[in-house]
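Reading through the structure tokens given below for one structure.
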Amino acid sequence: MRLPFSKMHGLGNDFVVLDATAAPIELTAERVRFLADRHFGVGCDQLLVVEPASRPDVDFRYRIFNADGGEVEQCGNGARCFVRFVHDKGLTDKTAIRVETRSGIIEPRLEADGSVTVDMGVPELEPARIPFDSGSDAVVQPLQVGDTMVPITAVSMGNPHAVQVVADVDAAPVATQGPAIESHPRFPARVNAGFMEVVDAHTIRLRVYERGAGETLACGTGACAAVVAGVLRGLLESPVRVHTRGGELSIAWQGRGTPVMMTGPAVRVFDAEIELD
Ligand SMILES: N[C@@H](CCC[C@H](N)C(=O)O)C(=O)O
């Protein structure tokens, strides 16, 4: 079978995007891993599948698979690329879209300058929702990682994040601590590990070791989670510019009980087809 796809990215966090609005696409974890493979397949951090909505009050459903084949709840950079994709493919002409994800409905909006703003919903801060087996809802919690005690803030943007503050993000132990935090027993569903350098109250530098994908050039939900963690810790004030290795995002959050707003670019790089067994 020949499978048409688009290759897209949001700040270098790259995606293979499939249109399943007209007919379902049979996806196995093995197929996802093949498509995501940078040597034997197409290559991406996440695979996104656009599907028809399952209810009348939303426009589409979109599903997210990590490069390791696992289906996950949310993806910020993917949400912006989803909007670019449905417009480029003529699937809608609405600029404000309601879309179902595994973690609920999000509301992205295509801006006049081509950037996309996404209402990413209200962050969950209760550790039990992460799930984070700590029995406490303190904003900063100790996490034993090897020989090091790491103070982290656990935030769910639909998907789970553990954010730590570092002095210099370029020197942060992302490659070593990232996988250890991702699979830490305190996070039974695994977690995305964020390393945030606070530059000033409105600016951070961020790297994220993503669950199921490794370090990516940018992580949209990771940026939202880092800003939430920074505001809760009294280090940041909304809005915050988030500098990633792939570029810049703007994140606004007015505090507990309010949604996180994310604005950034979305790029369709090329369209192609691939032969699947
Ligand atoms: N890159 C994404 C997040 C993708 C999912 C994540 N790796 C997870 O497992 O939760 C983003 O831009 O948010």
What are the ³J(HN,Hα) couplings of region 245-255, residue after residue, when phi is run through the Karplus curve with 6.51, -1.76, 1.60 and θ = phi - 60°? Round to Hz, x for glycine and proline.
5, x, x, 10, 10, 10, 10, 10, 8, 8, x
With Cα springs under 10 Å, the Gaussian network model of the chain assigns the largest mean-square fluctuation among 259, 173, 239 to 173
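Considering only DSSP beta bridges where both residues belong to the chain, give the percentage that are antiparallel (nearest 5).
Bridges in the chain that DSSP calls antiparallel: roughly 80 percent.
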The farthest towards the positive end of the charge dipole of the chain, of the residues 175, 138, 247, given +1 on Cβ of Lys and Arg and -1 on Cβ of Asp and Glu, is 138
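Report, in debye and to the nearest 20, how large the dipole of region 127-258 comes out about its Cα centre when Lys and Arg carry +1 and Asp and Glu carry -1 on their Cβ. List each step's numbers first, then the result.
On the way: 10 positive and 12 negative charges, 63 e Å.
Here the size comes out at about 300 debye.
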Please give the net charge around residue 3, taking every other residue with its beta carbon less than 13 angstrom from that of residue 3, where Lys and Arg add +1 and Asp and Glu add -1.
-3
Return the long-range amide H neighbours of residue 166 (sequence gap of 5 or more, or a different chain), with a cut-off of under 5 Å between placed amide H atoms.
196, 197, 198
The chain, Rg to Rh (Cα coordinates; Rh as Kirkwood inverse mean 1/r):
0.96
Find out how many positive minus negative residues lie around residue 69, taking Lys and Arg as positive, Asp and Glu as negative, among other residues whose Cβ is under 11 Å from that of residue 69.
-2
Taking only the alpha-carbon positions of region 143-277 as identical scatterers, the Debye log10 I(q)/I(0) at q = 0.09, 0.10, 0.15 Å⁻¹ comes out as -0.27, -0.33, -0.69
Summing -39500 (n - 2.57) over the DSSP H runs of n ≥ 4 in the chain and dividing by its residue number, what mean residue ellipticity at 222 nm do you reach, to the nearest 500 deg cm²/dmol?
-4500 deg cm²/dmol
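Only the coordinates and a few stated rules stand behind these numbers; no lab work does. Computed from a prediction, not measured in an experiment: that's the story for all the values here. FYI the Cβ positions are ideal-geometry reconstructions off the backbone, even for glycines, and counts take in every protein chain you see.
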